[in-house]
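Have a look at the structure below, then the notes.
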Amino acid sequence: MKHRELGRTGIKVSEICLGTMTFGQQNTEAEGHAQLDMALENGINFIDTAELYSIPPRAETYGATETIVGSWLKARGGRDKLVIASKVVGRSSSPWFRPGGEEARLTPAQIRYAIEGSLRRLGTDYLDLYQLHWPDRKVGLFGEGGTTFRDLPDADEVPVEDTLGALADLVTEGKIRHVGLSNETAWGVSQFLAASKTGLPRVASIQNAYNLINRTFEIGLAEMCLRESVGLLAYSPLAQGYLTGKYLKGARPAGARTTLFNRGQRYEKPGVDVAIEAYHALAHAEGLDPVQLAVAFVTSRPFVTSNIIGATSTDQLKTILGSVDLDITPELEAKINAIHQVHSNPAP
């Protein structure tokens, strides 16, 4: 397991990060602890969670994942050897995020409310990385499209300076060490970087989707993040499990996320199945595991700081962890890119 610097922070994080959003619905506390133990044993020092989790978002399970990670930290110790990241929700009308059903926004008061809850559930005094889960602005999220550019500027959006100022206060108080973005655009990153020049915290990372059937990060964001040392924490390297092939031709295996929750529309667009079949054919022709090929490709990108992987069993996790031994050679990358040229970003 290799380690890479998180932005310009000096913190070294493992090239694989354990995502935990299944803890609390698809996974029990004991199963979550087992995954965390396996991750630690395999050299992972980076754990990602969020106040929103577990997934799918529900009032009954809000904060459940942080609670499970927190009970593991209490039982195992070693907090100082780990890099713990969490997130505050962006603009949302879901009534369970904030007291009294108030619309969730990235205001200073709401950020403080959220961080206090996350620290309490995790049982820690500080977070190494605190991320804005999605923007306060009205933008297309999670592959849904339909951005409201016709309505810009959005008169009631919380100014970047106000949000970053609230995070600066938390840094001063020692409650967070560094800040990051998630589900952001190139324009959004540019605004946060510009604001940081006034003495506010500099964003260290961006957590966006990136995988073989969604390489849109390479268009604009990759160059910006490389030049500005804002590392990509890539999520959904397996496209919510679709790149495993288990959903091909409409299959719905028992216990799988899409079978349980019917939330896979981002990866059910025209052209997705044929692209996945092409990548599977390549993997088989090369004598490789398709899962490991997909994960290793993401990890190998120069703009990726850490690849956030998720699993619902230790068997799945073991397979995914094996990807660190797969070398994406120039020859293999050329074959991947040839498929991408024909089946470009069917699931943005």
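In table form, for the structure just shown:
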quantity: Selection within the range 3-40 - more than 19 Å from L129 (Cβ to Cβ), out of contact with any Lys or Arg (no Cβ under 9 Å at 6 or more places or on another chain) and surrounded by fewer than 16 Cβ atoms within 10 Å (Cβ to Cβ); calculated: T28, E29, A30
quantity: Residue count, the range 215-236 (criterion: over 12 Å from the mean Cα position of the chain (by Cα), under 20 Å from Q131 (Cα atoms), of a type outside the set (G, A, S) and not in a helix (DSSP H, G or I)); calculated: 1
quantity: In the range 224-262, residue nearest to H3 (Cα to Cα) [restricted to those that are among the polar types (S, T, N, Q) and surrounded by 14 or more Cβ atoms within 10 Å (Cβ to Cβ)]; calculated: S229
quantity: Filter pass, L170 being in contact with a Gly (Cβ under 7 Å, 6 or more places away or on another chain) and either closer than 25 Å to D125 by Cα or among the acidic types (D, E) (or both); calculated: no
quantity: Residue selected from the range 80-105 under the condition in contact (Cβ under 8 Å) with a residue 60 or more places away in the chain and within 17 Å of A168 (Cα to Cα), by the criterion surrounded by the fewest Cβ atoms within 10 Å (Cβ to Cβ); calculated: K87
quantity: Helices (runs of 4 or more DSSP H) enclosed by the range 237-326 - at least 1 residues per element that are at pLDDT 95 or above, small (G, A, S) and under 28 Å from K12 (Cβ atoms); calculated: 290-300
quantity: Of all residues making up the range 118-130, the number that are part of a helix (DSSP H, G or I) and either in contact with a helix residue (DSSP H, G or I) (Cβ under 8 Å, 6 or more places away or on another chain) or farther than 24 Å from K74 by Cβ (or both); calculated: 3
quantity: Hits in the range 292-310 - residues which are buried (at least 20 other Cβ atoms within 10 Å of the Cβ) and not β-branched (V, I, T); calculated: L293, A294, A296, F297, S306, N307, G310
quantity: Any hit, the range 295-303, residues being out of contact with any Phe, Trp or Tyr (no Cβ under 6 Å at 6 or more places or on another chain) and free of Cβ contacts under 8 Å to residues at least 40 places away in the same chain; calculated: yes
quantity: Options F297, F261: the member that is of a type in the set (F, W, Y), closer than 28 Å to N27 by Cα and over 18 Å from the mean Cα position of the chain (by Cα); calculated: F261
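Okay, residues lined up against (1) of a type in the set (S, T, Y); (2) in contact with an Asp or Glu (Cβ under 6 Å, 6 or more places away or on another chain); (3) assigned to a helix (DSSP H, G or I); (4) modelled with pLDDT under 95:
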residue: D136; (1), (2), (3), (4): no, yes, no, yes
residue: F142; (1), (2), (3), (4): no, no, no, yes
residue: T147; (1), (2), (3), (4): yes, no, no, yes
residue: G165; (1), (2), (3), (4): no, no, yes, no
residue: A168; (1), (2), (3), (4): no, no, yes, no
residue: T198; (1), (2), (3), (4): yes, no, no, yes
residue: S205; (1), (2), (3), (4): yes, no, no, no
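The values are calculated or read from the model by the stated rules, or taken from the named source; none is laboratory data. The shown structure was predicted, so the numbers you read here are calculated from the model rather than taken from an experiment. Cβ coordinates were reconstructed from backbone atoms using ideal geometry, including for glycine residues, and neighbour counts include every protein chain displayed.
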